[in-house]
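Computed from the coordinates by the stated procedures, all read-outs in this text should not be read as laboratory data. Bear in mind the structure is a predicted one, so any value in this text is a computation, not a measurement. Ideal geometry is used to build each Cβ from the backbone, glycine not excepted, and the neighbour counts take in all protein chains shown.
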Amino acid sequence: MVETRDSKALEHELQLLQEINVRPHFWNRWRGYWGLSGPGWVQSALTLGAGSAGSAIFAGSVFGYKLLWVQPVAMFLGVMMFSAIGHQLLNTRARPYDVFWKKLHPSLALLWGLNVFIASVVWQFPQYSLGTAVFKDIFDVIGVNMPRGPIALILLIFSTSICWSYGRGSRKAIRAFERTLKYMLILMVFSFLLVVIKTGVNWIELLKGYFTFHIPHTREGITIVLGQLGAAVGVNMTFLYPYTMLARGWGKEHRGLKNFDLGASMFIPFVLATSFVTIACANTLFVQGIKVKDAVDVGHALQPLVGLTFGRLIFSFGILSMCLTTLVIEMLICGFVLSEMFHFKYHGWAYRASTMLANIGILGAFYKMPFWLPVITSSFNLLMMPVTYICFFILQNKRSYLGDEVNRGLKGTMWNTMLILAILAVGAGAVVKILSELGYW
């Protein structure tokens, strides 16, 4: 978003896409699409953070297999909405904030931008809180009592240096940083998978967990479900996704790639990662009756594989990678949304100051917050979603915006049905959240 796409690279990509799109079998097209995917991976990096990990851990440790259905359903509905957003962007190549301002209403554009900004700031609180906690746990394992202040400062300096390096400085250094975080996350998810393999799977309960759609009746259970729904897709992702495609130069030729990218790079990694974590915690923490309060408790989930000490380290490094990735991306989103709203120049001091506003969340590191915080923050995220979804639904059916690209007939009906379901899901979550906060649930 802060760099100009190389025109020669884009031309080469378009030529390659033309060849891929005419391949006779879909699996041959998928093989070609794999090397060109990108925006979906950015969304995965953002959504696989403290909220999704915390929600999956609590779902498995408190309810066993019963809530396995929540995150796949939430992500599927999110992917449907993102597919509609991508459809609009690829056909118009228009900057989404300007579209909200001109095609809907300036107040809706301002509300969307403000909600994205607030969500990014709010999300920094649990990232700093959880990141500081697991960083401290790593030091505790090696016998060093590290105060929270210096740890939070390290996270701030490190994330800021990475954020401000995009578009400038050494691309090799940035790529090395991204690969390191990716490998730390893969190690944690793979470890949970090995725990699942070692402890076994109750296949009957697994099927019930995915297809009986159990809804808890307790406040704790509702909060976990809302946290899972909120962590799957956030309002700031609705802003980040179309601009990511715009920055990569995607257009109508990329429609097949867009659908593949959402499925292979966003839906599947999220569902697999959260399912492994949930099942592993169900097989260990739930069976043993362990109540999760901190990283030490979660370490028991990996104890059957590598012991408690290494279990704590693997979990802490994995969560730390999630937190660092999300810290950087939330800073970028803050800077980008305010730049769109107020027409700041990228890389200027106004842009940099905008990115730093996200770090109000560093206050989360200095208060003893429960492991529940990411889950609660995810459920709060639901309050910001319905209006944004409704706006994109209106645009999807607005002929003055999309012209002949508006889906009609059976295809249009199916699309609208899925989008309405997504709106109802986040709307119901928002209503329940409000009622629970008022004491009526």
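In degrees from 0 to 90, rounded to the nearest 10, what is the angle of the helix 219-232 Cα long axis to the longest principal axis of the chain?
Taking the Cα atoms of the chain, the angle to 219-232 is about 40 degrees.
Can you give the extra length, in nm with one decimal, that the chain gains between residue 421 and residue 94 once fully stretched, where that is 0.36 nm per residue apart less the Cα-Cα distance?
Taking residue 421 through residue 94 to full extension adds about 115.1 nm, to one decimal.
Rounded to whole Å, give me the distance from the Cα center of segment 294-365 to that of segment 121-166.
What the calculation gives is 8 Å, centre to centre.
Past the 23 Å Cα-Cα mark, which pairs from 345/398; 252/398; 252/345; 208/293; 66/411; 258/345?
Beyond 23 Å: 345/398; 252/345; 208/293; 66/411; 258/345.
Helix 295-342 against the longest principal axis of the chain: what's the angle in degrees, Cα atoms only, rounded to the nearest 10?
Here the helix axis deviates by roughly 30 degrees.
Work out the P(r) tail for segment 7-437: percent of alpha carbon pairs separated by more than 41 Å, whole number.
Summing the P(r) of segment 7-437 above 41 Å gives 13 percent of all pairs.
Summing Lys, Arg as +1 and Asp, Glu as -1, what charge do residues with Cβ under 14 Å from the Cβ of residue 212 carry, residue 212 excluded?
+1
Compute the acute angle (0 to 90°) between the alpha-carbon long axis of helix 70-92 and the principal axis of greatest extent of the alpha-carbon atoms of the chain; round to the nearest 10°.
Taking the Cα atoms of the chain, the angle to 70-92 is about 20 degrees.
Taking the Cα-to-Cβ direction at residue 118 and at residue 186 and moving 7 Å from each Cα, how far apart do the two end points lie in nm?
3.9
Taking R0 as 35 Å, what's the FRET efficiency between residue 36 and residue 210 from their Cβ-Cβ distance, rounded to 0.05?
The formula returns an efficiency of 0.65 here.
What FRET efficiency comes out for residue 342 versus residue 399 if R0 is 35 angstrom and r is the Cβ-Cβ distance? Round to the nearest 0.05.
Using R0 = 35 Å, I get an efficiency of 0.65.
Taking 0.36 nm per residue of separation and subtracting the Cα-Cα distance, what length does fully extending residue 353 through residue 253 add?
32.3 nm
Within segment 237-313, which trypsin sites (Lys or Arg not before Pro) sit in a loop by DSSP and count at most 13 neighbouring Cβ atoms inside 10 Å?
Sites meeting the loop and neighbour criteria: 291, 293.
For the chain, modelled as a Gaussian network with Cα springs under 10 Å, which listed residue fluctuates most, 245, 384, 418?
In the Gaussian network model the winner is 418.
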